[in-house]
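Only one structure is covered here, and it is reproduced in the block below.
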Amino acid sequence: MSWTDERVDLLKKLWSEGLSASQIAGRLGSVTRNAVIGKVHRLGLSGRATTSRSQTRRVRKNNPNTAKRVARSRFATSGNPTVRALYPTEGEPYVPAVEELDIPEKQRKTLQSLEACSCRWPVGDPQTPEFFFCGGKAVPGLPYCEHHARRAFQAAAPKRRERESVETVRAALAKVENDSKAPAKV
């Protein structure tokens, strides 16, 4: 399909009338919506005539009975209260977990002194100079020593399907046991 002068003039006329690219493509025939959009851009046709839909604007009436909305920020500036309750405020010092190991001074490692076989369990507050990594002998294939690996990794829970099948079997066995204990009716 070629853009003849007549077709370009018709395109300009239909575009200025406010027809959509799909409607113009339908009127011109044998041209796609994308071809119409491309030609409009190449011709630099930016201004469009206003349609009746865009001319009618909804007018808001000042009704004294309606309460005005208070503009709020989208995100709270003070932080999430749930998370805030979990962590100490700025003035309180960091307190390590109760089950933390007492790691000897010579075993402790900084980020720069960590080796491939060192335990990478962080200890303390990273924003203080007392922060260090465990540095113990790591379990092969894991980044932590045996103690910290037990804390970091939990045994996988049985899959839902497996749990449901086990529960179904248990229920069936319980029913069989109850049926065998019940006296026979004659």
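Overview of results
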| item | result |
| --- | --- |
| For the range 5-51, the spread of Cα positions along each principal axis, largest first, Å | 27, 20, 19 |
| Exposure proxy ranking, count of Cβ atoms within 10 Å, fewest first, for ASP5, ASP102 | ASP102, ASP5 |
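The numbers here are math on the coordinates, done by the rules we state, and not lab data. None of these values were measured; they are calculated from a predicted model. No Cβ is skipped: glycine too gets one built from the backbone with ideal geometry, and neighbour counts run over all protein chains shown.
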